[in-house]
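The values are calculated or read from the model by the stated rules, or taken from the named source; none is laboratory data. In this text the structure is predicted, and so the values were computed from the model without any measurement. Every residue, glycine among them, receives a Cβ derived from its backbone with ideal geometry; neighbour counts consider all protein chains shown.
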Amino acid sequence: MSTAPAGNPASLRTLVVGTDIQPGTYRTSGPAGGFSRCYWARLSSTDGDVIATGMPADAATVTIEATDKAFQTGGCAEWTAS
């Protein structure tokens, strides 16, 4: 089972699709330690052009497409491929 690269869940991380994270469906249990919400975004460029975004308070599922350029996350527990 694949996971997104580890890092400080509180910090905003931008993962390049195909390099840092592979296309596919990923799940998180929700916000990490003490956060009421976390953040994710699928990006069409590494400049922050958003395709889709969410701020879940609970578990979340995101499908990263091969055409996405990057995936951004912050405050979420580990993302695991499903």
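How about segment 17-39: which of its residues are within 11 Å of the chain's Cα centre (by Cα), part of a strand (DSSP E or B) and of a type outside the set (Lys, Arg)?
Val17, Ile21, Thr25, Tyr26, Thr28, Tyr39, listed by residue number.
Identify, please: which residue in segment 52-82 is in a strand (DSSP E or B) and closer than 12 Å to Gly24 by Cα and is, among those, nearest to the chain's Cα centre (by Cα)?
Here the residue is Phe71.
From Ala52, Ala57, Ala81, which residue is of a type in the set (A, V, I, L, M), surrounded by fewer than 19 Cβ atoms within 10 Å (Cβ to Cβ) and farther than 17 Å from Val17 by Cβ?
Of the residues listed, the single one that is of a type in the set (A, V, I, L, M), surrounded by fewer than 19 Cβ atoms within 10 Å (Cβ to Cβ) and farther than 17 Å from Val17 by Cβ is Ala57.
Which numbered condition trips up Phe35, out of (1) at pLDDT 95 or above; (2) among the aromatic types (Phe, Trp, Tyr); (3) surrounded by fewer than 19 Cβ atoms within 10 Å (Cβ to Cβ)?
Answer for Phe35: the failing condition is (1).
Going residue by residue through segment 54-65, is there one that turns out to be in contact (Cβ under 8 Å) with a residue 24 or more places away in the chain and among the polar types (S, T, N, Q)?
Within segment 54-65 (the criterion being in contact (Cβ under 8 Å) with a residue 24 or more places away in the chain and among the polar types (S, T, N, Q)), the answer is yes, since at least one residue qualifies.
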